[in-house]
Amino acid sequence: MTNRYRKLLLFLSLGLMLGMGKVSAASLMGPIWDPLLPIQQGDRPLNETQIAQLEQAVIALEEQGFALWAAGEKERAITLLVRQLRLRQVLPDRRAEIESLGKVGAIAWEDNETTVVKSITERLVTIERQDFPGNYRLLLPLATAYEQIREIQPAIALYRQHLDTLEDPYKPEILRLIAQLATDWFRTDDALAALEDIAALNALTIADQEQLATLYEQSDQLEKAIAHQQELAAFYLQDQAFLPLIRTSQRLAHNYQARQDYSQAISFSRNAFTLAWEMRYFEAAENALKQLADLYLAQGRDTAGTQVYEQLLTVQNASYNRFGMMETYRTLADLYQQTDRNSDALIALQNGLAIAEELNHNINDFTEAIDTLSLQ
């Protein structure tokens, strides 16, 4: 560290102790006064030497501010950080100011410093209105800063503006950024619009297709979700990507069930189980069988649902899923009782109790159920 830099830090520290240049958290707007500014400067622009000196001072203030914030001295940190943000307004480098606004805004948002965030937002809006139209290089820094303070809509609007400057091959990258940003903040319509624009450019990747199908599901556009999932299933089958194929088949089953198309739902659920069992993906096979059983039971096909749960025991035994077997025996006991198969229900409960004792879990539940059934 140079002697000049040490003197600068000392001067800044003394200024803080004496209350020089102290500002409130909401004071980014309005006239700027600071002991670091030349005396009687008025409206005259700073000369190159003054700019260089002030830039060095501003950097020092920012570094001190973030160091104080990290050390937990947040009130002093805010004073320094807001002070340097005000001083940056005097300097000609708007990009550096925007980047600092974003960095300060990010930590202020994380710590719920709403007054600071509000003031930073107002300043970004002012820069966007006054400086951005004449300096297009500020677009991406502004969009990033808005992201950092979680002002998602203006960030998306700026990224959309940026698209107008790009040739088609370069648009998907920005559209994916918009889609992910919108998804992260639950703006489904904005995310869908971005992904549909990628589709219009014939540039959808597999990841785009997956995200698009998920968003269509979330917005209850099941026909569109199914169409994309069927395309994904065909790709996964061709690529022998079996786990994604199993998951996609289960999603298709779920969506067909939501449309009350049970024959298609059962078909996709069965396909998911068959493939998972053949590939020895035991967890996926269990999930597919549970889904299949629920599909049968939802239609009142209790016998078929019960048979699927009996088949589930075989899968769980193969993977030594003792906890899962215990739960399946409990479910089977209930299903048997519903169809007056009390002797089968009692056997299921006894088998479940044996596993419960082995695991030392849910013993009382099985014991009470056996006692109750024995009295009937």
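Observations
- Placing unit charges on the Cβ atoms of the charged side chains and taking the dipole of the chain about its Cα centre, the candidate lying farthest along the positive direction among Trp109, Ile246, Ile78 is Ile78.
- Figure note: Thr274, Thr306 ranked by solvent-accessible area, largest first, 1.4 Å probe, ligands and nucleic acids not counted: Thr274, Thr306.
- Only Lys, Arg (+1) and Asp, Glu (-1) charged, at Cβ; the chain dipole about Cα centre in debye: 1620
- Largest first, the residues Arg280, Arg330, Arg44 sort by 1.4 Å accessible area into Arg44, Arg280, Arg330.
- Loop-located GluC sites (Glu not before Pro) in the stretch 156-215 (DSSP state not H, G, I, E or B) with no more than 10 neighbouring Cβ atoms inside 10 Å: Glu167.
- Taken over the chain, lysine pairs spaced eight or more positions apart, or on distinct chains, with alpha carbons under 20 Å apart number 6.
- Residues Phe186 and Thr339, FRET efficiency given R0 of 41 Å [Cβ-Cβ distance, rounded to 0.05]: 0.40
- Within the chain, helix-based [θ] at 222 nm, where runs of 4 or more DSSP H residues each add -39,500 (n - 2.57), nearest 500: -25000 deg cm²/dmol
- Relative contact order (%) - criterion: Cα under 8 Å, at least six apart; region: the stretch 230-376: 13
- Note on the stretch 176-324: Rg/Rh from C-alpha atoms, Kirkwood Rh, equals 1.04.
- When nucleic acids and ligands are ignored and a 1.4 Å probe is applied, Asp208 ends up with an accessible area of around 10 Å².
- Sites counted here are chymotrypsin sites (Phe, Trp or Tyr not before Pro) in a DSSP loop (not H, G, I, E or B) having no more than 10 other Cβ atoms within 10 Å; the longest part of the chain that contains none of them is 34-185.
- Average Cα contact separation per residue, the chain, under 8 Å, 6 or more apart, as relative contact order %: 7
- Sorting Thr328, Thr121 on solvent-accessible area from highest to lowest, probe radius 1.4 Å, gives Thr121, Thr328.
- Once the Cβ-Cβ distance of Glu310 and Asp371 is raised to the sixth power relative to R0 = 30 Å, the FRET efficiency obtained is 0.75.
- C-alpha long axis of helix 206-218 to longest principal axis of the chain, angle in °: 80
- Remark: relative contact order (the stretch 134-207) = 23 percent; criterion is Cα-Cα distance under 8 angstrom and separation of 6 or more residues.
- Only one item in (i) 65, 50, 39; (ii) 98, 51, 33; (iii) 58, 51, 40 matches Cα extents along the principal axes in Å derived from the coordinates shown, and that item is (ii).
- Folded to 0 to 90 degrees: helix 171-184 orientation relative to the chain principal axis, Cα: 70
- The C-alpha atoms of the chain define a longest principal axis, and helix 282-298 lies at about 70 degrees to it.
The values are calculated or read from the model by the stated rules, or taken from the named source; none is laboratory data. Predicted model, so just to flag it, every value in this text is computed and none were measured. A quick note on method: Cβ atoms are made from the backbone with ideal geometry, for glycine too, and the neighbour counts reach across all protein chains shown. Heads up: the accessible areas ignore ligands, DNA and RNA and are worked out on the full protein's heavy atoms, side chains in. Shrake-Rupley method; radii C 1.70, N 1.55, O 1.52, S 1.80 Å.
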